[in-house]
Amino acid sequence: MEQGIVLRGVGGFYRVLLPDGRTVECRPRGRFRKDGVVLLAGDRVCVELQRDGTGVIVAVDPRRTELRRPAVANVEQVVAVMAVAAPPPNFLLLDRLLTVAEAEGLDPVICWTKADLCPPGHGEDLGAPYRVAGYRVILTSSRTGQGLDELRDALRDKVSTFAGPSGAGKSSLLNALDPAFGRDTGEISRKLGRGRHTTRVVELLPLPGGGLVADTPGFSQLDVRHIPKAELGRFMREIDRVRGECRFPGCLHRSEPGCAVRDAVEDGRIHPRRYRHYLELLREIEEWEARRYS
Ligand code: ZN
């Protein structure tokens, strides 16, 4: 009996990565189908190796997390990919991504791409508010190789998925991590690939230095409305750090007296843009709640 991780499943067969780095094509035990168990990439399984070199999946561990798009189990980390330029950064999207990741129990990492496109120091400036807030920030360039070792280090021994707007360079980044991945990056191949992507199954790619990353960027359910509004502050690190000092327990950090979060904005411990985005997400949640209960 061997422990392994499902890398992908196609047509009832699953490719399972074993601890020694080998992969085995496996069938699930017949009972799984009867019980309606559907295995996902990322599932941690028990495999019985057969004489013909294939395997039978006999047990699957309970999932710690489950993403739907891409459908991957046990993702631990979301790498929020954002270009320093071309296209210009979308900070609201980035803050939304970080917040939703935290709310899902996933560890977010911020990866700035295309560092070669901005003047020296600019990339560091972009990352500074996040670094101060307590997020891991990596400044990379697929072209010059800057930051790739640091990114590999962040991905090591974890199951990760990349997320971010189109054009941020997610595919180039995967290719830069390992050219063997051969992801499409060209405009034409992307067009051709679009139809294919809708039917393609997710695959977890083993990284040369250890760790697995989903080949399909995703994490597209960026809805905050399932987050209770009083909890929103928990999922923005610099707000979470001070919100315990607010005078009122249910403080929404908007206009309540004695709000430690607003104090922190005023004295510069919380970046004003991050706070604005907190208010923006809070408003979304409230609008949703108002519609739901009216
Ligand atoms: Zn407050």
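Values for this structure:
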| quantity | calculated |
| --- | --- |
| Within segment 219-263, considering residues that are touching a Ser or Thr at 6+ places or on another chain (Cβ under 7 Å) and at pLDDT below 95, the one nearest to the ligand (Cβ to nearest atom) | Val224 |
| Single condition His253 does not satisfy, out of (1) surrounded by 15 or more Cβ atoms within 10 Å (Cβ to Cβ); (2) on the phi < 0 side of the Ramachandran plot | (2) |
| Selection from segment 13-38 of residues that are under 27 Å from the mean Cα position of the chain (by Cα) and part of a loop (DSSP other than H, G, I, E, B) | Leu18, Pro19, Asp20, Gly21, Arg22, Val37, Val38 |
| Complete set of residues in segment 71-93 that are surrounded by fewer than 23 Cβ atoms within 10 Å (Cβ to Cβ), at negative phi, touching a residue at least 60 places away in the same chain (Cβ under 8 Å) and outside any strand (DSSP E or B) | Ala71, Glu76, Pro87, Asn90, Phe91, Leu92, Leu93 |
| Complete set of residues in segment 132-151 that are surrounded by fewer than 19 Cβ atoms within 10 Å (Cβ to Cβ), touching a helix residue (DSSP H, G or I) at 6+ places or on another chain (Cβ under 9 Å) and not in a loop (DSSP other than H, G, I, E, B) | Val132, Arg136, Leu148 |
| Test set (1) free of Cβ contacts under 8 Å to residues at least 40 places away in the same chain; (2) surrounded by 15 or more Cβ atoms within 10 Å (Cβ to Cβ) - Asp52 fails condition number | (2) |
| Answer residue from segment 152-171, given it is farther than 23 Å from Glu66 by Cα and in contact with a strand residue (DSSP E or B) (Cβ under 8 Å, 6 or more places away or on another chain) and is surrounded by the fewest Cβ atoms within 10 Å (Cβ to Cβ) among those | Gly167 |
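The values are calculated or read from the model by the stated rules, or taken from the named source; none is laboratory data. In this text, all values refer to a predicted model and were calculated from it rather than measured experimentally. Note that each Cβ is placed from the backbone with ideal geometry, even for glycine, and that neighbours are counted across all protein chains shown.
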